Amino acid sequence: MPYWQPDEHGLQQVLHLLKDSQSPNTATQRAVQEKLEQLNQFPDFNNYLIFVLTRLKTEDEPTRSLSGLILKNNVKVHYQNFPPAVAHFIKQECLNNIGDPSPLIRATIGILITTISTKEELQTWPELLPQLCNMLDSEDYNICEGSFGALQKICEDSSELLDSDALNRPLNIMIPKFLQFFKHCSPKIRSHAVACVNQFIIGRAQALMDNIDTFIESLFALAADEDSEVRKNVCRALVMLLEVRVDRLIPHMRSIVEYMLQRTQDPDENVALEACEFWLTLAEQPICKDVLSGHLIWQLSHHTDLLLLQDIKPRFHKSRTVTLQHEGDEGEEGEESEDDDDDDDDSLSDWNLRKCSAAALDVLANVFRDELLPHLLPVLKELLFHPDWVVKESGILVLGAIAEGCMQDMAPYLPELIPHLIQCLCDKKALVRSIACWTLSRYAHWVVSQPPDSYLKPLMTELLKRILDSNKRVQEAACSAFATLEEEACTELVPYLSFILDTLVFAFSKYQHKNLLILYDAIGTLADSVGHHLNQPEYIQKLMPPLIQKWNELKDEDKDLFPLLECLSSVATALQSGFLPYCEPVYQRCVTLVQKNLAQAMMYNQHPDQYEAPDKDFMIVALDLLSGLAEGLGGHVEQLVTRSNIMTLLFQCMQDTMPEVRQSSFALLGDLTKACFLHVKPCIAELMPVLGLNLNPEFISVCNNATWAIGEIAMQMGMEMQPFVALVLNNLVEIINRPNTPKTLLENTAITIGRLGCVCPQEVAPMLPQFIRPWCTSLRNIRDNEEKDSAFRGICVMIGVNPGGVVQDFIFFCDAVASWVNPNDDLRDMFYKILHGFKDQVGEDNWQQFSEQFPPLLKERLSACYGV
């Protein structure tokens with residue numbers, strides 16, 4: 001008999017509560033929540049919950065399971081306050097009933113065990129793992145399966161802890177034990193066993209590495225398992241092993257590749273998707289080329305074509321990459337229904353598989369580049385000109401998938417293929433029209449590199465017609481493709497602006513909700529691409545009224561504001577003073593959005609039970625649009641800032657817990673510094689410490705924007721920057737010396753160090769030897785511009801203060817100087833003086849020896865430009 005027995009009345013109360021909590025009525029739900037809070041005051045309430053879960057076999061399963069899930073939540077929140085007797089009773093009950101006949105109850109107990117083990121740490125429940133492992137040997141299937149289910153969850157949640165000395169390395173026993181169960185007669189158990197071991201591959205757990213050959217052999221034994229879940233776990237294991245122990249796979253690589261080819265066509269698409277991941281991972285391995293010999297490439301491209309041909313319907317990407325993203329589809333519109341109704345019975349799963357195959361082909365094309373094409377070309381020609389539209393459509397998809405990898409070798413065929421694809425834009429099948437949009441966008445770079453009348457003009461004309469297609473899916477594909485074309489063509493589009501705007505504005509009246517979002521993107525990208533050329537009264541007249549109309553229709557809480565705000569941000573930056581008539585209401589609304597969001601966040605932090613957490617994307621997009629206004633309007637933004645409390649709000653946003661909010665805040669701070677510093681200056685003493693704290697390269701974009709803002713502030717502050725240099729300099733020097741720092745962050749860090757040195761040389765020059773080498777290498781590749789100019793002035797001034805600081809790395813300085821195409825005259829003089837000063841200092845002979853180390857090109861540049 002258990003030593004704890006429920007009180008009958010109490011038990012009825014708990015059951016009643018559990019029944020109520022399954023009611024859809026919100027008032028009932030709220031009452032249940034309050035009652036739960038009250039009952040949690042009683043220490044043995046949790047005993048009732050475990051009792052219902054494990055012992056009340058007469059109750060229905062959903063109620064029992066729910067009792068366990070409420071207990072799990074209590075464990076999460078209050079476990080440290082459970083009396084020891086209660087905790088002990090719950091743990092005993094879990095272990096004694098892990099073999100419940102019901103799969104739902106077993107799974108619930110498994111979740112409960114994992115939650116307790118992560119809450120109180122496995123160290124304080126020493127009997128848990130040995131007991132679960134022993135129960136795996138039970139004759140009773142339910143006990144074995146229940147224990148395995150719990151172990152799988154524990155392995156998922158605590159893989160690192162299990163492989164540490166803290167627990168006396170239980171994996172030494174567990175992993176060999178799991179491996180024995182790969183041969184179990186039940187597929188569910190085999191699947192658990194593989195899944196458990198899989199948790200330890202990426203972490204390279206020692207116990208697994210010691211048994212790696214047995215593991216790989218056992219996986220091969222399961223290769224043809226009749227259970228799809230087992231096959232999926234086998235594929236997953238091989239994909240991870242490819243990353244961490246490719247050395248052990250190489251001897252078997254040929255059969256693994258053959259196996260994965262079969263699995264890529266597995267009847268279960270989850271298995272096929274895992275197998276497709278294999279090609280994506282293999283392509284990143286240095287051994288990829290050796291493994292996939294010509295015969296295999298042929299087979300693979302043939303297989304992939306087959307996959308793409310399996311009469312599966314394609315869908316299009318939202319983000320502009322090859323991951324052709326599927327969105328819930330809307331039905332056709334009237335005019336085409338009789339022709340197109342057969343295109344629409346798509347199912348998401350097929351599409352994912354097809355997407356993955358196209359992605360695999362894309363990746364392989366990038367690895368094999370020219371070698372893939374000879375295998376594909378004969379097949380491709382046949383597909384592209386095939387009378388059956390399904391076949392033609394898959395050919396167009398293949399052509400798009402290989403665009404990036406095989407571009408160079410495709411070039412000779414493109415003068416014939418691009419006109420054919422442009423013709424396909426008028427095909428009577430909507431699916432052919434839409435896939436042609438995508439594939440053409442993949443060749444946009446080539447199109448733009450040819451004389452505009454040959455391909456750009458016909459392509460643009462047809463794509464604009466497709467933007468007004470009667471089929472929604474074609475509209476979407478055309479809009480995305482057009483945005484890609486805009487990015488490539490940039491100012492080449494200026495002559496056609498009037499025509500382009502007429503189409504995009506007409507689409508406003510035609511598009512339904514989902515495609516409007518893509519239309520905003522196409523308009524924003526157009527503004528980014530043509531810049532100030534958009535600032536013409538006739539263009540503004542066309543474009544602004546529909547945008548402002550949408551702006552007025554949308555409420556502050558509507559998520560559709562995001563893409564519209566992003567689009568307006570690009571438009572404001574491009575129109576510059578042309579945006580002035582619209583700036584007041586736009587500015588005010590952005591400030592209001594930020595204010596509302598901050599207020600809601602404050603309420604939520606104080607009373608999380610009464611208020612919802614705000615959606616901070618509203619704040620991020622509003623801050624970005626304010627940046628666009630400041631950048632576009634420049635000094636004109638000053639009067640708007642005067643009449644608002646933006647600096648106070650900005651100070652709060654800069655301290656937000658969410659990195660993306662801080663990232664946008666620092667961008668806005670930099671733009672306001674450039675546009676109207678008199679409003680920023682009074683706050684500098686409070687802002688600088690916050691900027692210093694955010695020079696943390698873990699958050700690349702936050703760190704990047706904070707660094708840039710510090711540089712802009714330095715240029716405005718001049719000498720007065722001196723008290724703040726110490727807050728930021730050490731962090732900046734550390735970042736510029738870090739290995740693997742992304743290029744943009746390195747460049748911005750170098751520019752800001754240079755700018756600080758420009759205004760406060762005495763403070764920064766002593767550090768020269770610690771940063772001069774990475775400083776020079778990160779700025780040698782950027783184009784001449786004013787940021788580079790101010791940074792190099794800073795370096796020259798610092799060398800004047802501390803010439804000894806560059807002696808060791810002077811060759812790097814020479815190289816950086818030579819990277820200038822045409823510096824301003826006074827900067828050229830500064831360079832001249834430093835180079836000649838150094839030459840005079842060391843004497844002619846030493847200089848000769850020194851300059852012998854220069855690469856010929858550098859020697860030539862310096863001699864031609866500076867006479868050294």
In the set Tyr587, Tyr611, Tyr582, the lone residue that is without any contact (Cβ under 8 Å) to a residue 24 or more places away in the chain and either aromatic (Phe, Trp, Tyr) or crowded, with 17+ Cβ neighbours inside 10 Å (or both) is Tyr611
When Phe812 is run through (1) aromatic (Phe, Trp, Tyr); (2) open to solvent by 40 Å² or more (accessible area, probe 1.4 Å); (3) over 42 Å from the mean Cα position of the chain (by Cα), the failure sits at (3)
Which residue pairs have Cβ atoms closer than 6 Å, lie 6 or more positions apart in sequence or on different chains, and pair a first residue in the stretch 72-89 that is in contact (Cβ under 8 Å) with a residue 60 or more places away in the chain with a second residue that is open to solvent by less than 20 Å² (accessible area, probe 1.4 Å) and in a helix (DSSP H, G or I)?
-> Phe89/Asn47
Filter the stretch 213-232 down to residues that are closer than 19 Å to His252 by Cβ, open to solvent by 10 Å² or more (accessible area, probe 1.4 Å) and in a helix (DSSP H, G or I), then give me how many there are.
-> 7
Can you pull out the helices (runs of 4 or more DSSP H) entirely within the stretch 558-674 that have at least 2 residues that are under 21 Å from Leu687 (Cα atoms)?
-> 580-606, 617-633, 638-642, 646-653
Which of the residues spanning the stretch 159-178 are open to solvent by 10 Å² or more (accessible area, probe 1.4 Å) and either under 14 Å from Phe215 (Cβ atoms) or assigned to a loop (DSSP other than H, G, I, E, B) (or both)?
-> Asp163, Ser164, Asn168, Arg169, Pro170, Pro176, Lys177
Yes or no: Asn748 within 26 Å of the chain's Cα centre (by Cα), within 21 Å of Leu650 (Cβ to Cβ) and either assigned to a helix (DSSP H, G or I) or not aromatic (Phe, Trp, Tyr) (or both)?
-> yes
Counting just the residues of the stretch 530-549 that are under 17 Å from Glu584 (Cα atoms) and without any contact (Cβ under 8 Å) to a residue 12 or more places away in the chain, which one comes out most open to solvent (accessible area, probe 1.4 Å)?
-> Gln549
Inside the stretch 495-519, can you point out the residues that are under 15 Å from Val571 (Cα atoms) and either open to solvent by 10 Å² or more (accessible area, probe 1.4 Å) or outside any helix (DSSP H, G or I) (or both)?
-> Val505
Which residues, taken from the stretch 709-726, are open to solvent by 80 Å² or more (accessible area, probe 1.4 Å) and either touching a Gly at 6+ places or on another chain (Cβ under 6 Å) or of a type outside the set (A, V, I, L, M) (or both)?
-> Gln716, Glu720, Gln722, Pro723
Odd one out for Ile90, checked against (1) assigned to a helix (DSSP H, G or I); (2) under 41 Å from the mean Cα position of the chain (by Cα); (3) surrounded by 12 or more Cβ atoms within 10 Å (Cβ to Cβ); (4) not aromatic (Phe, Trp, Tyr) | (2)
Could you list, in sequence order, the residues of the stretch 763-793 that are closer than 15 Å to Leu746 by Cα, surrounded by fewer than 21 Cβ atoms within 10 Å (Cβ to Cβ) and among the polar types (S, T, N, Q)?
-> Gln770, Thr777, Asn781
Within the stretch 508-529, the residues that are over 23 Å from the mean Cα position of the chain (by Cα) and touching a residue at least 60 places away in the same chain (Cβ under 8 Å) are Gln512
Selected residue [among the polar types (S, T, N, Q) and open to solvent by 50 Å² or more (accessible area, probe 1.4 Å)] from Ser449, Ser394, Ser470, Ser441 | Ser449
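The values are calculated or read from the model by the stated rules, or taken from the named source; none is laboratory data. Quick caveat: nothing in here was measured; it's all calculated off a predicted structure. A quick note on method: Cβ atoms are made from the backbone with ideal geometry, for glycine too, and the neighbour counts reach across all protein chains shown. Heads up: the accessible areas ignore ligands, DNA and RNA and are worked out on the full protein's heavy atoms, side chains in. Shrake-Rupley method; radii C 1.70, N 1.55, O 1.52, S 1.80 Å.
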